[in-house]
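> Here it is, the structure, as structure tokens.
The values are calculated or read from the model by the stated rules, or taken from the named source; none is laboratory data. Everything quoted here is computed from the prediction, not taken from an experiment. Note that we place each Cβ from the backbone using ideal geometry, even for glycine, and neighbour counts take in every protein chain shown.
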């Protein structure tokens, strides 16, 4: 059986291509005509936005905030996927809240729950009380099919029938030593397709 073996200059690991063990088992590995070939699944780049400031947003029922955070990434290939990870810490005055991923301002349909009556479709949601902070997190693998700069964001909503305040990185209670301030993060990772 024929093979090609590449060994690292430092005497470390090796990479080996081997022909099939028996005749008639032909396998073909076709490389692209141009550019570099990258095996699928490799993380090509990582970008992150961190929100450290505190904010309070007054929001009517059944509406979304503007973007809480955004991150921009330029994929190297149209076959690349973008792995999104988000954590939001906060509080809502009397009710639950959630967030939804968007690409270029438009909700990513695959990153939300299925349609169910009048319920708002979100990526992540949690019921909270008026004092305790809650942590929302969500992960989604998007396929933007582009090599142009792409902006991802997260918008929030609450589950009350009236106007409520959403507090980011803090709660709506007295400035006491027992309460904390936190950070929110939005990370985008390009994964080779």
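> Quick one: in segment 134-159, which of the residues that are part of a loop (DSSP other than H, G, I, E, B) and surrounded by 18 or more Cβ atoms within 10 Å (Cβ to Cβ) is farthest from the chain's Cα centre (by Cα)? Explain how you work it out, then say what you get.
Start the filter on segment 134-159 by keeping residues that are part of a loop (DSSP other than H, G, I, E, B), which leaves 143-149, 159.
Next cut, surrounded by 18 or more Cβ atoms within 10 Å (Cβ to Cβ) only: 144, 159.
Working: 144: 13, 159: 23 Å.
Applying the filter and picking the extreme gives 159.
> Among the listed residues 49, 61, 26, which satisfies the condition of being surrounded by 12 or more Cβ atoms within 10 Å (Cβ to Cβ), assigned to a loop (DSSP other than H, G, I, E, B), at negative phi and modelled with pLDDT of 75 or more? Give the steps one after another, and end with the answer.
Values: 49 fails: assigned to a loop (DSSP other than H, G, I, E, B); 26 fails: surrounded by 12 or more Cβ atoms within 10 Å (Cβ to Cβ).
One residue alone meets the criteria, 61.
> I would also like to ask the following. In segment 113-124, what residues are in contact (Cβ under 8 Å) with a residue 24 or more places away in the chain and either crowded, with 19+ Cβ neighbours inside 10 Å or farther than 17 Å from residue 155 by Cα (or both)?
122, 123, 124
> To continue, here is another question. Does any residue of segment 145-159 turn out to be touching a strand residue (DSSP E or B) at 6+ places or on another chain (Cβ under 7 Å) and modelled with pLDDT under 85?
Within segment 145-159, not a single residue is touching a strand residue (DSSP E or B) at 6+ places or on another chain (Cβ under 7 Å) and modelled with pLDDT under 85.
> I would also like to ask the following. Working only within segment 113-133, note down all residues that are part of a loop (DSSP other than H, G, I, E, B), under 21 Å from the mean Cα position of the chain (by Cα) and under 22 Å from residue 51 (Cβ atoms). Talk me through it step by step, then tell me what you get.
Residues of segment 113-133 that are part of a loop (DSSP other than H, G, I, E, B), as a first pass: 113-123, 127-133.
Going one step further and asking which of them are under 21 Å from the mean Cα position of the chain (by Cα), we end up with 113-114, 120-123.
Scanning segment 113-133 gives 122, 123.
> Another question about this same structure. Looking at segment 83-112, which of its residues are assigned to a loop (DSSP other than H, G, I, E, B) and in contact (Cβ under 8 Å) with a residue 60 or more places away in the chain? Even if it seems obvious, please write down each step before you answer.
Filtering segment 83-112 down to residues assigned to a loop (DSSP other than H, G, I, E, B) leaves 93-96, 104-105, 108, 112.
93, 94, 95, 96 - these are the residues of segment 83-112 that are assigned to a loop (DSSP other than H, G, I, E, B) and in contact (Cβ under 8 Å) with a residue 60 or more places away in the chain.
> Which one of these is within 22 Å of residue 182 (Cβ to Cβ) and at pLDDT below 95: 95, 112? Quick ask: steps written out before the conclusion?
Numbers: 112 fails: within 22 Å of residue 182 (Cβ to Cβ).
Being within 22 Å of residue 182 (Cβ to Cβ) and at pLDDT below 95 holds for just one of 95, 112, which is 95.
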